[in-house]
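Here is the structure we will look at.
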Ligand code: COD
């Protein structure tokens, strides 16, 4: 069980140093995170972006002065160049720098140089929340906007395999909805029931999948008891599957800003692991995402 990001970092150290291609690397916090990851022995960076802006930051931040830099001042071209480096095998992990998520993901999905596998790509977020005994995971609050049932199945499959790679062999999963009744007026409840049925029929990786289930019942056995609901996972959930990107994004930000949680984010389902954090994320948060990607890549 991964209790916190300290555990993730300690485990990631055993994976050896991985080459990481960083798209649009001219950002202090991105470079500070890479310095932390370099010092932990996790990564060897290749920095793609505006070399005139990157070079002075290397010395300031303490990264080796001979760190590889590929000069590409244009942001969208820098993203494509970095993705191409990973595509060619010159870097094992891809990381988003100072570029918006949508433009970065469009480069990842590029038909010629992108990192598609034929499977759906999806975002997995990990959270360390004060008072919680283990890391909890959410998907997909970062990439797929309004997934269909088939896409939710792929998102769930990606996340379950990743959790297994992280040592959670039988992940407990809550397919989140606004209540526990299947209602034709709330399509998320119909999808949730279908996913729970698929898991029961052995059509998903090993784990316990419950849905439709609301957040209070998933988190609190007391809430489940008060509502008279029997749940095998209440209070022990490893992964929350989101009905749509807005729910995932809002829940993530609630955990960070109200509950003082820490978050790490990666993209699954591509040829290589991808570090995808918000530009507002701290260097420490970006370090945790790098470590998570290294752990998934190392498996
Ligand atoms: N996995 C695999 N292939 C995909 C995926 C996916 N998740 N999404 C699209 N594709 C393929 C399609 O099959 C198609 O071949 C091609 O990519 C283009 O598809 P479009 O036109 O539907 O996709 P785009 O390029 O317009 O947008 C894809 C994004 C991932 C960029 C888009 O969905 C997006 O912007 N998502 C939200 C990202 C975001 O802003 N997150 C931060 C806030 S939470």
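Here are a few things to note about the model shown:
- Of the residues in the range 221-233, none is surrounded by fewer than 22 Cβ atoms within 10 Å (Cβ to Cβ) and part of a strand (DSSP E or B).
- If you go through the range 109-133 and keep only what is under 22 Å from residue 262 (Cβ atoms) and near the ligand (Cβ under 9 Å from one of its atoms), you end up with 122, 123.
- The lone criterion from (1) assigned to a loop (DSSP other than H, G, I, E, B); (2) surrounded by fewer than 20 Cβ atoms within 10 Å (Cβ to Cβ); (3) on the phi < 0 side of the Ramachandran plot left unmet by residue 115 is number (2).
- Candidates 97, 49, filtered to the one that is under 19 Å from residue 279 (Cβ atoms), more than 22 Å from the chain's Cα centre (by Cα) and surrounded by 21 or more Cβ atoms within 10 Å (Cβ to Cβ): 49
- Number of the condition not met by residue 106 [criteria: (1) within 11 Å of the ligand (Cβ to nearest atom); (2) without any contact (Cβ under 8 Å) to a residue 60 or more places away in the chain; (3) surrounded by 20 or more Cβ atoms within 10 Å (Cβ to Cβ)]: (3)
- Test: residue 120 is closer than 23 Å to residue 142 by Cβ, at pLDDT 95 or above and either assigned to a loop (DSSP other than H, G, I, E, B) or in contact with a helix residue (DSSP H, G or I) (Cβ under 6 Å, 6 or more places away or on another chain) (or both): yes
- Scanning the range 66-85 for residues that are away from the ligand (no atom under 16 Å from the Cβ) and farther than 16 Å from residue 26 by Cβ turns up 66, 84, 85.
- Criterion (away from the ligand (no atom under 16 Å from the Cβ) and buried (at least 23 other Cβ atoms within 10 Å of the Cβ)) met by exactly one of 155, 213, 190, 136: 213
- Residue list for the range 185-220, filter: in a loop (DSSP other than H, G, I, E, B) and out of contact with any helix residue (DSSP H, G or I) (no Cβ under 7 Å at 6 or more places or on another chain): 185, 201, 202, 203, 206, 214, 220
- Test for residue 278: is it part of a loop (DSSP other than H, G, I, E, B), on the phi < 0 side of the Ramachandran plot and surrounded by fewer than 23 Cβ atoms within 10 Å (Cβ to Cβ): yes
- Of all residue pairs spaced 6 or more apart or on separate chains, none has beta-carbon atoms under 7 Å together with a first member in the range 111-127 that is without any contact (Cβ under 8 Å) to a residue 40 or more places away in the chain and a second member that is part of a strand (DSSP E or B) and more than 10 Å from the ligand (Cβ to nearest atom).
- Taken together, the residues in the range 234-250 that are more than 10 Å from the ligand (Cβ to nearest atom), farther than 18 Å from residue 172 by Cα and surrounded by fewer than 18 Cβ atoms within 10 Å (Cβ to Cβ) amount to 1.
- Restricting attention to the range 237-275, the residues being assigned to a loop (DSSP other than H, G, I, E, B), in contact with a strand residue (DSSP E or B) (Cβ under 7 Å, 6 or more places away or on another chain) and more than 14 Å from residue 138 (Cα to Cα) number 3.
The values are calculated or read from the model by the stated rules, or taken from the named source; none is laboratory data. What you see is a predicted model; the values in this text were computed from it and never measured. Reconstructed Cβ throughout: ideal geometry from the backbone, glycine too, with neighbour counts over all protein chains shown.
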